1. Compute the Cα gyration tensor for segment 194-310, then decide on rounded, prolate or oblate, letting a ≥ b ≥ c be the square roots of its eigenvalues: rounded whenever a/c is under 1.5, prolate when a/b is larger than b/c in the other cases, and oblate in all that remain.
2. Given 0.36 nm per residue, what is the gain on full extension from ARG201 to THR30 after removing their alpha carbon distance, in nm?
3. Can you give me the accessible area per residue for segment 87-236, using a 1.4 Å probe, in Å²?
4. Quick one: what Rg and Dmax do you get for the chain from the alpha carbons, in Å?
5. Need the full-extension length gain, SER140 to THR100, defined as separation in residues times 0.36 nm minus the C-alpha distance. One decimal, nm.
6. Above 14 angstrom, tally the Cα pairs of segment 262-307 and express them as a % of all pairs, no decimals.
7. By per-residue mean of other Cβ atoms within 10 Å, what is the highest-first order of 184-192, 217-225, 154-162?
8. Go through PRO253, PRO282, TRP197 and say which Cα lies farthest out towards the positive end of the charge dipole of segment 176-313; charges sit on Cβ, +1 for Lys and Arg, -1 for Asp and Glu.
Amino acid sequence: MTAGKTAADAEAEEELLRRLKSFEGRPAATAARAKDPVNEPMIRHWCEAMGDTNPAYTGPGATAPPTMLQAWTMGGLSGHTSRATAHDELFALLDAAGCTSVVATDCEQEYLRPLRPGDTVTFDAVIESVSPRKTTKLGSGHFVTTRMDVHANGELAGTHRFRILKYAPVAKRPPKPEAAGPRRPRPVVNRDNQGFWDGVREHKLLIQRCTACATLRFPWLPGCNACSSPDWDTVEASGAGTVFSYVVMHHPPFPAFDPPYAVALVELAEGVRVIGNITGVPYDKVRIGLPVRLEFLRVDDALELPVFRAEAG
Ligand code: ZN
């Protein structure tokens, strides 16, 4: 028991945990039916979004990418049912206990048989476990693990285990004044990427090019993924690119970073993709397809980084 916690607090916590534990084993969905059978258009959209060109997912005899397992069970905006589920009840209980925020923490999948176009998908979901109260950097709360068994034409095809943390957020503290302020982390420079950072010092973004098959690669690697050749030279990026994808960082806050901020995967005109910060627009104006141009940001006296400035228009 921590200082300041009364016997009544401890009792209330125990009572909450007892109620939370009563959800373990309760079904969250039973014999629910996927909105669509396994189908080629959804497979194609998934492969395009993931950049997955594996030939197993197209043509006659195609199978669905195994990692799509959960995609078939999703209810979309309209959901699967208007009935209150065990999940809704559990979340309401956690909300009432002050655990009003939620973050997905991890997911595990197990594949037992491939899904093929035409397969009818049904699924059962069960609340597998609710953890005792845990304290994390985000705040303290309970991990909820849900297991979903996915069936194709009545046969178990795979299992999807999904874990979330439902927590009471910690109040944001004002940043501690520090003499010089926290410094942004240094890049790890090694013999495989030394040339890249040498280029940055000269305000050049250098892309490796395999001298055997001419395939460009980024980030820097000791060998070619296309032909395995260890021989390479470099080409200098023109600096033109577009935002291919992006995230907005809110949590966890790192020293020297001021969230929220956007981190983008930029597709360069040369075809390779680079991760970097977007400058020149607010974080919520970053969009997929946004044209950007390379520039170099002096972060402090010892660090310059390539970043991407949103192009006007
Ligand atoms: Zn090559």
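The values are calculated or read from the model by the stated rules, or taken from the named source; none is laboratory data. Just so we're clear, the structure is a prediction, and the values are computed from it rather than from any experiment. Cβ placement follows ideal geometry from the backbone for every residue including glycine, while neighbour counts extend to all protein chains displayed. Protein only, heavy atoms only, side chains kept; ligands, DNA and RNA dropped before computing areas. Shrake-Rupley method; radii C 1.70, N 1.55, O 1.52, S 1.80 Å.
1. Verdict is prolate for segment 194-310.
2. Gain on stretching ARG201 to THR30: 55.7 nm.
3. On a per-residue basis, segment 87-236 sits at 57 Å².
4. Cα only, the chain: 24.6, 72 Å (Rg, Dmax).
5. Computed gain between SER140 and THR100 is 13.3 nm.
6. 51 percent
7. 154-162, 217-225, 184-192
8. Ranked along the dipole, the leading option is PRO253.
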